[in-house]
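The values are calculated or read from the model by the stated rules, or taken from the named source; none is laboratory data. The model shown is predicted, which means the values in this text are computed figures rather than measured ones. All Cβ positions, even for glycine, are placed from backbone atoms using ideal geometry, and neighbour counts span all protein chains on display. Heavy atoms of the whole protein, side chains included, go into the accessibility calculation; ligands, DNA and RNA do not. Shrake-Rupley method; radii C 1.70, N 1.55, O 1.52, S 1.80 Å.
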Amino acid sequence: MPITFQKQDSDFLLVFRGDFINFEISSALNDFIKSLPENAKIKTISFNTEKLSDWDSSFVSFLYQVLLVIKEKNLGYSLENLPDNLKHLLELSFERALIPPSAKPQQSDWLEKIGDWALRVLSALKKGMSFIDETYFSFIRLLFKKAVLRKEDFLFALDDCGPKAIGIVSLISFMVGLILAFVGALQLKTFGAQIYVASLVTIGMVRIMGAIMVGIIMAGRTGASFAATIGTMQVNEEVDALRTMGIPVSDFLVLPRISALVIAMPILTCLADFMGILGGASVGILLLDITPSEFWLYAWKAFNLTNFWVGVFHGVVFGIIISLCGCYYGINCGRNADSVGVATTKAVVSAIVWMIVITGIITVILKEFNI
Amino acid sequence: MITPPAIQVENLTLAYGNRVLLKNADFSVKKGDIFIIMGASGSGKSSLLRILTGLTKPASGKILINGTDFLNASEEQQLNIMKKCGILYQSGALFSSMTLAENIALPLQQYSTYSKEDISYLVSLKLALVGLAGFEEFYPSEISGGMKKRAGLARALALDPEILYFDEPSAGLDPVSSRLLDNLMMDINQSLGTTLVVVTHELDSIFTIAKNAIFIDATTQTISARGNPHELLKNPPNENIYKFLTRGKNHA
Ligand SMILES: Nc1ncnc2c1ncn2[C@@H]1O[C@H](COP(=O)(O)OP(=O)(O)OP(=O)(O)O)[C@@H](O)[C@H]1O
Ligand SMILES: [Mg+2]
């Protein structure tokens, strides 16, 4: 036993022997607390380290905990017999302590939590609305040539969400067209109506699937990158710098991105429509023995300009949603490394949710007008 | 047996591409020393520190840490040496997703055999040593810059290092906090016997804490002065060090 506890009259002595390297603090601490006589009056607790040889900070930790216990119980103690450096370290641990600010907020009950949640939702809504407001005014300013839209930023964003997205958009929409045709064909074949695969794919892609696929791809690709870029700028205090220079964040960061995406989205939607039909055609021609000319004839018959414009309109709306979500969460990003990740996730998820919600609303409205 | 110096640097050349910062430098740091690396901005102090801590490799030269060749050691030996070195980065470099307690516990969990409970005792001692007792459950974002430095120091102390490196510890601190940090560094040096290697150009701090120092001279790419800063001020070996130690004032 490297520590022995000795009680002499009103004094209590801790005697240490040997090495205290990688020493088990908790069990020794328990022993100490147990051997402290409960009721007997103790004047001073002191230490004997004559036979102490080597020690590391686990030993200091132990002594520190012992002193904490002693202080809590309001007992007397003396550090006299400790080696100088040990004594110094212990004194240091109690000296100059900064006082933690008032205790951290406690867990609240469920009623409080609901109220808290409601308040947070409300303030988030307000923040979102004022962000949209600000962006709207930026656009007005842009129309009257009062906003600074840096051409470089705009072209960079346009290049990023236009040409660089063509590959992935083409591939995915081709596959979607292919799947749509394949699944449809299985059903239509039972009626011998496989030729209508062409109409199915055309109407499906052009009216809504093209726009939705592009929307989802661009939310993951460009929306996320907007949020990450602006979020990192927030972390580096670049956004603050802009604000203090009096440059509206919405002009400088949001405008170029929204403009770029709003221009790119309809074009990408057309591309997706075309690639989807191509995917459908490859199924029809290769698997269903439809001749190419037949396929194109039925596809062309099914193609209708209203549907086309509805699809393109969705593309534009999705572009606005994605860039708003990306920029909003980027600008409202926290100040540490995690927060950029959180902002990116939120941007993508909320963009997709809003796209679905808005699609529903548009569909209902169009139905009212019989479009 | 003569104990080898904590750090011995031989014939070290520091360069980025063909831009040489330091040519054939030699110096050694005694055990228990407080060793200051001085030099003008851009003279390569931080780069030298990166090399001493194994983050980058020098163009050429030899570094012995506690007598072991650091650069040519096996990976395991290098890791063992690095475990004996603590580093305080300029901004504290605390992990923002962890509480202070978790930050300090991390190296202990990784490299020691202590039980969970013992680790928490060690953590509270380290925090108390730097004056942050009771801040265990705070996140780095909830404390001030000076506190972050202290917490970073607590983490650097976690494994009872033999050598502690500091890159500009007093940068961004108010004079009082920076004096407190200086005192803390001297206390740690005195009671734990830790060797401190400090990059700084804070003259106050240099004259208060330094036992030894070197001056990296950007014009000659050499160590143009070495020794105790008070001595260097009395008998400056060249004009650059004199200007540095007197803030460029009163030279003829
Ligand atoms: N990764 C790098 N690649 C190329 N050059 C570099 C690199 N890092 C630093 N340098 C150059 O090396 C020189 C020394 O840089 P270092 O950061 O070591 O200076 P310092 O002495 O720490 O300066 P300060 O006091 O300003 O921190 C600088 O001129 C810098 O431009
Ligand atoms: Mg530096």
task: Please name the residues of the stretch A:72-92 whose accessible area, counted over protein heavy atoms with a 1.4 angstrom probe, falls by no less than 10 Å² between the chain alone and the full protein assembly.
output: A:N85, A:H88, A:L89, A:L92
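Computed on protein heavy atoms with a 1.4 Å probe, what is the summed buried accessible area for the chain pair B and A, in Å² to the nearest 100?
In total, this chain pair buries about 2600 Å².
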field: Members of B:K30/B:K83; B:K62/B:K211; A:K34/A:K71; B:K31/B:K149; B:K83/B:K126; B:K126/B:K148 lying beyond 22 Å, as alpha-carbon distances in this model show
entry: B:K62/B:K211; B:K31/B:K149
field: Spin-label zone in the stretch A:1-26 - amide nitrogen under 18 Å from a point set 7 Å from the Cα of A:I33 along the C-beta vector
entry: A:5, A:24-26
statement: chain B, Gaussian network, Cα under 10 Å: of B:L52, B:L94, B:L203, the residue fluctuating most is B:L203
message: Counting only helical runs of four or more DSSP H residues, what would the 222 nm mean residue ellipticity of chain A come to if each run contributes -39,500 (n - 2.57) and the total is spread over all its residues?
response: -22500 deg cm²/dmol
statement: For the stretch A:63-94, listing trypsin sites (Lys or Arg not before Pro) in a DSSP loop whose Cβ sees at most 15 other Cβ atoms within 10 Å gives A:K73
task: Straight distance only, please: which aspartates and glutamates reach the Cα of A:K126 with their own Cα at less than 14 Å, same-chain residues fewer than 8 apart left out?
output: A:E134
statement: Inter-chain shielding metric for B:113-126, i.e. average beta-carbon neighbours from other chains within 10 angstrom, reads 6
query: How many angstrom lie between the C-alpha centres of the stretch B:185-228 and the stretch A:24-54?
result: 41 Å
task: Please give the per residue accessible area of the stretch B:61-211, computed with a probe of 1.4 Å over protein heavy atoms only, in Å².
output: 39 Å²
Debye, to nearest 20: dipole size of chain B, +1 on Lys, Arg Cβ, -1 on Asp, Glu Cβ: 680 debye
statement: Taking a crude spin-label model, label points 7 Å out from Cα along the C-beta direction, the B:T222 to A:S108 distance in nm is 6.9 nm
message: Quick check: net charge around B:T200, other residues with Cβ under 12 Å of its Cβ, Lys/Arg +1 and Asp/Glu -1?
response: -4
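Pulled fully out, how much extra length does the chain show between A:L142 and A:D9, if you take 0.36 nm times their separation in residues and subtract their Cα-Cα distance?
That pair, A:L142 and A:D9, stretches by 39.1 nm at full extension.
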Average beta-carbon neighbours from other chains, 10 Å sphere, peptide B:132-145: 3
- prompt: Distances over 25 Å make up what percent of all Cα-Cα pairs in chain A?
  reply: 69 percent
message: With a cap of 14 neighbouring Cβ atoms within 10 Å, and only residues DSSP puts in a loop, list the chymotrypsin sites (Phe, Trp or Tyr not before Pro) found in the stretch A:198-289.
response: none
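Apply the membrane-span-like helix rule to chain A: whole DSSP H runs, Cα extent along the own long axis of at least 18 Å, mean Kyte-Doolittle hydropathy at least -1.0. List the helices found.
What comes out of the filter, once short or polar helices are dropped, is A:57-72, A:110-143, A:166-190, A:255-287, A:305-331, A:337-368.
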message: Relative contact order for chain B: what percent, with Cα pairs under 8 Å and sequence separation of 6 or more?
response: 25 percent
Using a Förster distance of 45 Å, the FRET efficiency for B:T246-B:S96 (Cβ separation, nearest 0.05): 0.65
message: Once R0 is set to 45 Å, what does the formula 1/(1 + (r/R0)^6) return for the Cβ-Cβ distance between B:A171 and A:A124, expressed as a FRET efficiency to the nearest 0.05?
response: 0.75
- line: If amide H atoms are modeled at 1.01 Å from N in the peptide plane, then the residues at a separation of 5 or more from B:T246, or on another chain, having amide H under 5 Å from its own are none
task: Ignore the peptide's own chain and count Cβ atoms of other chains within 10 Å of each Cβ in A:55-65; give me the average, rounded.
output: 5
